[in-house]
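Just so you know, all these numbers are worked out from the coordinates, no wet-lab data involved. These numbers come from a predicted model, not from an experiment. Virtual Cβ from ideal backbone geometry, glycine too; neighbours counted across all protein chains shown.
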Amino acid sequence: MRHSAAFIALFAAVPWFAKAQPGFTPNYDEAAVPQYQLPDPLVYENGSAVAKAGDWPGRRSEILSLFEKHVYGRTPSHIPGTVTYEKRKSISFMDGKAVLEEIRIRISVKEKSRFFDLLLIKPKAAEQTKFRTFLTLNFLGNHTLHPSPEISLPESWQPPNKEGIVEQNRATEKGRGHRVARWPIETIIGSGIAFASICYNDIEPDAPDGIDKGVRALFDPPGEGDWGSLGAWAWGVSRAMDYLATDPQIDQKRVAVMGHSRLGKASLWAGAQDQRFALVISNNSGCGGAALSRRAFGETVLRINHNFPHWFCKNFRSYNNNEAKLPVDQHQLIALIAPRRVHIASAKEDLWADPRGEFLAAVHASPVWKLHGLTGIGQSEMPPIHQPVGGHVRYHIRAGVHDVTDYDWDQYIASLLAVP
Ligand code: GTR
């Protein structure tokens, strides 16, 4: 028997009951994946088919509205206030091989304002040189990406650590350089690519009550179908893109948005909505990111809504243990990026994020590229580890666990350099 959404929502707050529900204990058995039928990205809701590339924008808008209404929530289309950019630092970096800048992006609406700090590192070159750019989100603060004492600590409110002590978490001086392994900035700069990053907690703290301290507090309180924090993080990325578009050294036509895990979800949602991104990179984004929800393998819709009630719109909760009723699935999120480029990456041991579900989403998104005369993933067999595949839709799976490694970055650099 299926329980109604209201019944589940009511009892999801009661841990013992929630844990007894199907969909709470993760399934890792391929044979137990339910039979499912995916909505076709190339068939309108009224049943008519998209026959030519010129008709794609119409279907794309329809899919986008479905994701807004049922999954991530609607994002406000304009800012009822002002945005300012303050360049707070511009210094020579990496022994003169690069320039490091810090830009404070401040949004003010009536008497309230919020800001987040963009770290921007560009190769040193003649002023007229334009750089391909990675625009990324990070978890713990820009200062965790590199050991340099020049990188400022986050100044915005940060969620406390498990013990409730902000001072001990990595957002403080203690975290400087803590995440260097995930961010090979020297290699990126050495490839002639600029690197930009924002700490996602700076845009909006990742906590159920983070909304009060983040950018969503500048807008009307969200209703059932309005943005959650994933929407807020994606929105912040677009505001950073607005800034990058004012920098003559950034090649606006060759900017990739990249994030890992929950930030991979935010990166996909940013790239799905904002067509200025030439390449969208999802590193191990899993449920609510690149993985098909209907497979209910590893993390499920129920589980993610239970653990992170602030990430999606409230309507998404009606699909807890009810994925077949979703009018979309995540292959259509990937399809929204067409005919631009997308790179999906999985890790072999990261079963929680459902590597096969991420690959299959790339496969089922690919007909949209075919419609445009382009190669999407180009095959339906999942490749072995360390054998990237695909054309405009690229996919790789590497050995190891949920993480971002140099191997992943080598693939992303190749994908960004492949943008003509
Ligand atoms: C997990 C969550 C995943 C993923 C991950 C992360 O706890 O269940 O969806 O987002 O966090 O962001 O590291």
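Under 13 Å Cα-Cα from residue 87, which aspartates and glutamates qualify once same-chain neighbours fewer than 8 residues away are excluded?
101, 102, 117, 247
Among DSSP bridges having both ends in the chain, what percentage is antiparallel? Round to the nearest 5.
Around 50 percent of the beta bridges assigned by DSSP in the chain are antiparallel ones.
In debye, nearest 20: dipole of the stretch 263-347 around its Cα centre with unit charges on the Cβ of K, R (+) and D, E (-)?
For this selection, approximately 80 debye.
Pull up all non-local amide H partners of residue 394: gap of 5 or more, or a different chain, and H-to-H distance under 5 Å with H placed in the peptide plane.
Amide H neighbours of residue 394: 342, 343, 344.
Once R0 is set to 30 Å, what does the formula 1/(1 + (r/R0)^6) return for the Cβ-Cβ distance between residue 83 and residue 209, expressed as a FRET efficiency to the nearest 0.05?
The calculated FRET efficiency here is 0.75.
What does the charge add up to near residue 28, with Lys and Arg as +1, Asp and Glu as -1, over the other residues with Cβ less than 12 Å from its Cβ?
Combined, the nearby Lys, Arg, Asp and Glu give -4.
Among DSSP bridges having both ends in the stretch 340-418, what percentage is antiparallel? Round to the nearest 5.
Working: 2 of 8 bridges.
Just about 25 percent of them are antiparallel.
Output wanted: per-residue J couplings in Hz (rounded whole) for the stretch 128-140, from phi through Karplus 6.51 cos²θ - 1.76 cosθ + 1.60, θ = phi - 60°, x for Gly and Pro.
Result, ordered by residue: 7, 5, 10, 10, 4, 9, 9, 9, 10, 10, 10, 7, 10 Hz.
Provide, for q = 0.06, 0.07, 0.11, 0.12 Å⁻¹, the log10 of I(q)/I(0) from a solvent-free Debye sum over equal Cα point scatterers in the stretch 5-417.
Once normalised to I(0) and log-transformed, intensities are -0.22, -0.31, -0.80, -0.96.
What distance in nm lies between label points placed 7 Å from Cα along the C-beta direction at residue 325 and residue 246?
About 4.6 nm separates the two model spin labels.
Which one of 36, 243, 72 has the biggest mean-square fluctuation once the chain is modelled by GNM with Cα springs under 10 Å?
Of the options given, 36 has the highest mean-square fluctuation.
May I ask which residue of 141, 158, 177 lies farthest towards the positive end of the charge dipole of the stretch 133-227, with charges of +1 (Lys, Arg) and -1 (Asp, Glu) on Cβ and the Cα centre as origin?
Highest projection toward the positive end goes to 177.
Using a simple charge model, +1 on the beta-carbon of Lys and Arg, -1 on the beta-carbon of Asp and Glu, nothing else, what dipole does the stretch 33-123 show about its Cα centre, in debye to the nearest 20?
Dipole of the stretch 33-123, to the nearest 20 debye: 420 debye.
Identify, among 288, 347, 109, the residue whose Cα sits farthest towards the positive end of the charge dipole of the stretch 5-417, taking +1 on the Cβ of Lys and Arg and -1 on the Cβ of Asp and Glu, with the dipole about the Cα centre.
After comparing all options, I get 109.
I'd like the Karplus ³J(HN,Hα) series for the stretch 77-86: coefficients 6.51, -1.76, 1.60, θ = phi - 60°, whole numbers in Hz, and an x wherever there's a Gly or Pro.
Ordered by residue, 3J(HN,Hα) equals 8, 9, 9, x, x, 10, 10, 10, 10, 10 Hz.
Using just the helices of the chain, give the 222 nm mean residue ellipticity in deg cm²/dmol: DSSP H runs with n ≥ 4 each add -39,500 (n - 2.57), and the total is spread over all residues, rounded to 500.
-7000 deg cm²/dmol
Would you work out the charge dipole size for the chain about its Cα centre, treating the Cβ of every Lys and Arg as +1 and the Cβ of every Asp and Glu as -1, and quote it to the nearest 20 debye?
My answer is approximately 480 debye.
For residue 224 and residue 163, what does the FRET efficiency come to when R0 = 41 Å and r is the distance between their Cβ atoms, rounded to the nearest 0.05?
Efficiency for this residue pair is about 0.75.
Per-residue HN-Hα couplings for the stretch 113-123, Karplus 6.51 cos²θ - 1.76 cosθ + 1.60 at θ = phi - 60°, whole Hz, x for Gly and Pro?
8, 9, 9, 9, 10, 9, 8, 9, 10, 10, x
Zone of residue 417 (label point 7 Å along Cα→Cβ, backbone N under 17 Å): which residues in the stretch 365-407?
388-389, 406-407
Over what distance in Å are the Cα centres of the stretch 39-61 and the stretch 279-307 separated?
Between the Cα centres of the stretch 39-61 and the stretch 279-307 lies a distance of 24 Å.
On average over all directions, what projected area in square nanometres does the stretch 104-143 have, based on the convex hull of its Cα atoms?
Result: 4.6 nm².
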